[in-house]
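So the structure is just underneath, and the comments pick up after that.
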Amino acid sequence: DAKTTQPTSMDCAEGRAANLPCNHSTISGNEYVYWYRQIHSQGPQYIIHGLKNNETNEMASLIITEDRKSSTLILPHATLRDTAVYYCIVRAWSMDSNYQLIWGAGTKLIIKP
Amino acid sequence: DSGVTQTPKHLITATGQRVTLRCSPRSGDLSVYWYQQSLDQGLQFLIQYYNGEERAKGNILERFSAQQFPDLHSELNLSSLELGDSALYFCASSAGEGPYNEQFFGPGTRLTVL
């Protein structure tokens with residue numbers, strides 16, 4: 001599996017865009033990038049995922065570099081409720097039973113008023 | 001609210017004991033996943049069931065076992081408990097069987113082993 005590297009923590013001002021980087025330099029062609037977040041010991045929440053193209057949904061945008069070695073999750077207008085640990089996960093999609101999500105330590109994002 | 005329910009919310013027990021954690025997936029979801037999260041750690045995947053059958057196994061100890069019943073709810077059994085088993089245990093469900101599917105997580109069961 002491709003290993004991901006994320007900053008341990010980040011701050012962002014409320015109302016500004018939060019940009020969370022993720023490095024996955026060993027990613028292979030069939031591996032997707034997933035983002036989940038976990039708000040203070042609650043169950044993690046899916047945010048977005050992508051393969052090659054940039055993706056956007058109601059929560060966030062995912063920008064994947066052309067070489068796919070890194071990506072950035074963008075929360076366009078951060079609110080205090082976005083304070084959480086954000087996990088970047090890279091995993092292949094396959095019918096093989098062992099292709100499960102592997103979670104790292106994530107980035108603790110703190111939104112400041 | 002993700003639609004996934006877990007009971008109990010908290011569980012306190014002693015070393016050597018056995019406990020059962022229960023999970024009800026979202027309506028219509030066939031896959032159930034179990035994860036363990038120790039203090040300030042990331043999630044460790046334990047096991048997945050799809051429509052009653054074991055689909056994938058992660059770092060699950062031999063003292064732990066799980067099953068998914070015909071009504072699709074799942075139970076995680078933890079036996080011969082040790083202090084190190086104290087953790088948050090999350091259940092997640094998804095519609096399909098591959099990890100490509102978005103996983104919806106329950107609120108978790110906090111297990112404390114004394």
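If you go through segment B:79-114, how many residues are assigned to a loop (DSSP other than H, G, I, E, B), more than 7 Å from chain A (Cβ to nearest Cβ) and of a type in the set (D, E, K, R)? Before the answer, list the steps.
Looking only at segment B:79-114, we keep the residues that are assigned to a loop (DSSP other than H, G, I, E, B), and these are B:79-82, B:86, B:95-103, B:106-108, B:114.
Narrowing the set further to residues that are more than 7 Å from chain A (Cβ to nearest Cβ) leaves B:79-82, B:86, B:95-97, B:101, B:114.
Next, from what is left, pick out any that are of a type in the set (D, E, K, R): B:82, B:97.
Residues that pass the stated criteria total 2.
Of the conditions (1) part of a loop (DSSP other than H, G, I, E, B); (2) within 11 Å of chain B (Cβ to nearest Cβ), A:R68 fails just one. Which one is it?
If we test A:R68 against (1) part of a loop (DSSP other than H, G, I, E, B); (2) within 11 Å of chain B (Cβ to nearest Cβ), just (2) comes out false.
Within segment B:66-104, which residues are farther than 19 Å from A:G43 by Cα and surrounded by fewer than 16 Cβ atoms within 10 Å (Cβ to Cβ)?
Filtering segment B:66-104 for residues farther than 19 Å from A:G43 by Cα gives B:66-72, B:77-84, B:96-98.
Answer for segment B:66-104, where residues must be farther than 19 Å from A:G43 by Cα and surrounded by fewer than 16 Cβ atoms within 10 Å (Cβ to Cβ): B:Q67, B:F69, B:P70, B:D71, B:N77, B:S79, B:S80, B:E82, B:L83, B:G84, B:G96.
Considering each of B:L76, B:L61, B:L11 in turn, give the residue that is more than 10 Å from chain A (Cβ to nearest Cβ), touching a residue at least 60 places away in the same chain (Cβ under 8 Å) and of a type outside the set (V, I, T). I'd like the intermediate steps shown before the answer.
On the way: B:L76 fails: touching a residue at least 60 places away in the same chain (Cβ under 8 Å); B:L61 fails: touching a residue at least 60 places away in the same chain (Cβ under 8 Å).
Answer to the check: B:L11.
Considering each of A:I74, A:I48, A:I63, A:I39 in turn, give the residue that is within 26 Å of B:T5 (Cα to Cα), surrounded by fewer than 19 Cβ atoms within 10 Å (Cβ to Cβ), touching a Ser or Thr at 6+ places or on another chain (Cβ under 8 Å) and among the hydrophobic types (A, V, I, L, M, F, W, C). Step through it out loud before you land on a result.
Numbers: A:I74 fails: within 26 Å of B:T5 (Cα to Cα); A:I48 fails: surrounded by fewer than 19 Cβ atoms within 10 Å (Cβ to Cβ); A:I63 fails: within 26 Å of B:T5 (Cα to Cα).
Of the residues listed, the single one that is within 26 Å of B:T5 (Cα to Cα), surrounded by fewer than 19 Cβ atoms within 10 Å (Cβ to Cβ), touching a Ser or Thr at 6+ places or on another chain (Cβ under 8 Å) and among the hydrophobic types (A, V, I, L, M, F, W, C) is A:I39.
Just to verify a result, which residue in segment A:11-36, among those that are of a type in the set (V, I, T) and outside any strand (DSSP E or B), is surrounded by the fewest Cβ atoms within 10 Å (Cβ to Cβ)? Spell out how you get there, then give the answer.
Filtering segment A:11-36 down to residues of a type in the set (V, I, T) leaves A:26-27, A:33.
Filter again for outside any strand (DSSP E or B), leaving A:26-27.
On the way: A:T26: 12, A:I27: 23.
Here the answer is A:T26.
Looking at segment A:90-113, which of the residues that are facing chain B (nearest Cβ under 9 Å) and assigned to a strand (DSSP E or B) is modelled with the lowest pLDDT?
A:A92
The values are calculated or read from the model by the stated rules, or taken from the named source; none is laboratory data. Nothing here was measured: the structure is a model prediction, and the numbers come from that model. Glycine also receives a Cβ, built like all others from the backbone with ideal geometry; neighbour counts cover every protein chain displayed.
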